[in-house]
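Trainee: Below: one structure in structure tokens.
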Amino acid sequence: MEAGVSNNNGDQKGLRLPSPPRTVESMMKKSTPPPFLVKTYTVVEDPATDKVISWNSEGTAFVVWQTAEFAKDVLPKLFKHCNFSSFVRQLNTYGFRKVTTTRWEFCNDKFRKGEKEKLCEIRRRKAWTNKQQHEVQHEVDEDQRSSSSNSSSSQYNTLMDENKRLKKENGALSSELASMKGKCRELLDLVAKYGNGSRKEDEDERPKLFGVRLEVEGERRRKTKRAEETAFLPSQSCK
């Protein structure tokens, strides 16, 4: 905006009045939120990681449900490291606070579900003291040891259940095998029994009539010849 101003000589010069100062709110809207907050908000919003990290039921805070998996699988993709205690320190420098001692739940009044635009209003605080860093590191270590112990116990119980199941299946298979062996022996005995009877019948091929063997001409001659030979032998010995 320009206004005419007269000098002593009566000349007018165009002067530009200074623009009004920008408000703090307008400056915040034009600023960009820190990458750490944007990445953290994105992973909390991602439904694919809900089993590891997600919003609480009210959407006023987020919870890291599985710290070991979060440090191993999520942190390297976001921040190029796998140090969970470093992640916690970063949260605290941006004003996050832990909600409860029973789980890793963090909140910030400007970090809420569905209000991503408020990330610009979060400001970084001064660095932590060595004592605060040590306390966070100690708490993280204790939680990871507890998680590791629970995981080992869960794996042991799973293996024991699997062992019981395999023993039960092995017993059932053993019983079935014993039953099949018994049936196999019965079948072999049956085959042997009928096989021997068949061979005996094959030895005598004379036809039967009403269950009685019939004498055929050739068989009659053989019997007559044997009888004659038998009668002839004693007479020869008498001479």
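Trainee: Along Cα→Cβ, 7 Å out, is where each label goes; now give me the distance between the ones at Gln90 and Asp50 in nm to one decimal.
Mentor: Label at Gln90, label at Asp50, 2.5 nm between them.
Trainee: When the Karplus curve 6.51 cos²θ - 1.76 cosθ + 1.60 is applied with θ = phi - 60°, which whole-Hz ³J(HN,Hα) does each residue of segment 89-96 get, with x for Gly and Pro?
Mentor: With coefficients 6.51, -1.76 and 1.60, one gets 4, 4, 4, 5, 5, 9, x, 6 Hz.
Trainee: Next up: Can you work out the FRET efficiency for the pair Thr60 and Cys82, with r the C-beta to C-beta distance and R0 = 45 Å, to the nearest 0.05?
Mentor: Efficiency, from the Cβ-Cβ distance: 0.95.
Trainee: Pulled fully out, how much extra length does the chain show between Thr100 and Leu177, if you take 0.36 nm times their separation in residues and subtract their Cα-Cα distance? Intermediate values should be presented prior to the final figure.
Mentor: Details: separation 77, 0.36 × 77 = 27.72 nm, distance 5.86 nm.
Full extension from Thr100 to Leu177 adds 21.9 nm.
Trainee: Let me ask something else about it. Once you place label points 7 Å from the Cα toward the Cβ at Glu117 and Lys164, how far apart are they in nm?
Mentor: Roughly 5.7 nm, to one decimal.
Trainee: Now for a separate question. From the cross-link list Lys39/Lys113; Lys51/Lys110; Lys39/Lys72; Lys51/Lys80; Lys77/Lys98, which pairs have alpha carbons spaced over 18 Å apart?
Mentor: Lys51/Lys110; Lys51/Lys80; Lys77/Lys98
Trainee: Once Rh is set to the Kirkwood radius over Cα pairs, what Stokes-Einstein translational diffusion coefficient, in µm²/s, holds for segment 57-128 at a temperature of 25 °C and a viscosity of 0.890 mPa s?
Mentor: My calculation gives 187 µm²/s for D.
The numbers here are math on the coordinates, done by the rules we state, and not lab data. Because the structure is predicted, anything quoted here is derived from the model rather than measured. Ideal geometry is used to build each Cβ from the backbone, glycine not excepted, and the neighbour counts take in all protein chains shown.
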